[in-house]
């Protein structure tokens with residue numbers, strides 16, 4: 001099987017908050033988010049080296065006493081039909097698994113949940129659940145009903161679930177965050193992330209500046225669920 005693994009980090013303290021995890025990056029994504037900072041994974045995966053699943057499994061096995069689990073991110077992991085097979089191999093090493101997703105493939109997400117192949121899912125919500133807003137943020141035409149289906153699957157899963165939105169200047173701001181929160185309804189956790197103007201899919205976004213720290217902290221206080229803990233540094237989670 002070709003799992004299209006294009007990146008691997010053996011030890012990360014930030015990709016699964018509260019846990020030490022290894023991180024696997026899978027190529028490919030159906031979205032073309034202009035602010036995406038994983039440009040090569042989405043548009044030019046052929047320029048990136050391939051990683052052997054056998055080598056990764058060997059590393060996971062040798063490090064099982066030192067890591068809490070594995071984060072599978074991208075790109076968009078759920079675009080690959082062999083994702084369940086990959087997760088089963090990771091399970092064979094005794095690993096707990098977190099998957100990052102943009103929610104564009106609810107049928108795959110439902111299969112992963114019902115098959116017990118994931119322990120946690122972090123889902124990126126790009127914009128308010130409206131066709132125009134979501135399509136603009138995703139860079140392709142998106143039916144928000146598909147995204148909502150993934151949200152409902154996760155809300156009913158009983159898994160550790162985090163919904164997250166990246167604050168992007170002139171694209172996703174305070175009014176959009178308010179609409180997203182309203183659209184999500186009651187959820188375990190919702191977090192916001194700062195925009196990273198680095199190697200963005202749309203080069204114009206690399207010229208944009210992120211929010212000032214004080215403004216970002218204000219938005220966190222207003223919109224994160226549950227109420228945020230006392231002040232901490234800004235971390236950058238992987239985008240799905």
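Filter segment 203-223 for residues that are assigned to a loop (DSSP other than H, G, I, E, B) and in contact with a helix residue (DSSP H, G or I) (Cβ under 9 Å, 6 or more places away or on another chain); which is nearest to residue 32 (Cα to Cα)?
210
Of everything in segment 1-34 that's free of Cβ contacts under 8 Å to residues at least 40 places away in the same chain and in contact with a strand residue (DSSP E or B) (Cβ under 9 Å, 6 or more places away or on another chain), which residue is nearest to residue 189 (Cα to Cα)?
13
Applying the selection to segment 126-144, what residues are surrounded by 20 or more Cβ atoms within 10 Å (Cβ to Cβ), under 17 Å from the mean Cα position of the chain (by Cα) and touching a residue at least 60 places away in the same chain (Cβ under 8 Å)?
126, 137, 138
Being in a helix (DSSP H, G or I), in contact (Cβ under 8 Å) with a residue 12 or more places away in the chain, within 30 Å of residue 204 (Cβ to Cβ) and under 14 Å from the mean Cα position of the chain (by Cα) is true for just one of 71, 78. Which residue is that?
That would be 78, the only listed residue that is in a helix (DSSP H, G or I), in contact (Cβ under 8 Å) with a residue 12 or more places away in the chain, within 30 Å of residue 204 (Cβ to Cβ) and under 14 Å from the mean Cα position of the chain (by Cα).
So residue 94 fits all but one of (1) part of a helix (DSSP H, G or I); (2) touching a residue at least 12 places away in the same chain (Cβ under 8 Å); (3) more than 18 Å from residue 161 (Cα to Cα); what number is the exception?
(1)
For residue 116, only one of the following conditions fails: (1) surrounded by 15 or more Cβ atoms within 10 Å (Cβ to Cβ); (2) modelled with pLDDT of 95 or more. What is its number?
Going through (1) surrounded by 15 or more Cβ atoms within 10 Å (Cβ to Cβ); (2) modelled with pLDDT of 95 or more one by one, residue 116 breaks only (1).
Mind checking which residues of segment 1-47 are buried (at least 22 other Cβ atoms within 10 Å of the Cβ) and assigned to a helix (DSSP H, G or I)?
41
Which one is surrounded by the fewest Cβ atoms within 10 Å (Cβ to Cβ) among residues in segment 165-184 that are touching a residue at least 40 places away in the same chain (Cβ under 8 Å) and in a loop (DSSP other than H, G, I, E, B)?
169
Being assigned to a loop (DSSP other than H, G, I, E, B) and under 20 Å from residue 10 (Cα atoms), is that true of even one residue in segment 52-61?
Going residue by residue through segment 52-61, those that are assigned to a loop (DSSP other than H, G, I, E, B) are 52.
So of that shortlist, the ones also under 20 Å from residue 10 (Cα atoms) come out as 52.
There is at least one residue in segment 52-61 that is assigned to a loop (DSSP other than H, G, I, E, B) and under 20 Å from residue 10 (Cα atoms).
The values are calculated or read from the model by the stated rules, or taken from the named source; none is laboratory data. Just so you know, these numbers come straight off a predicted model, no measurement behind them. Cβ atoms come from the backbone with ideal geometry, glycine included; neighbour counts cover every protein chain shown.
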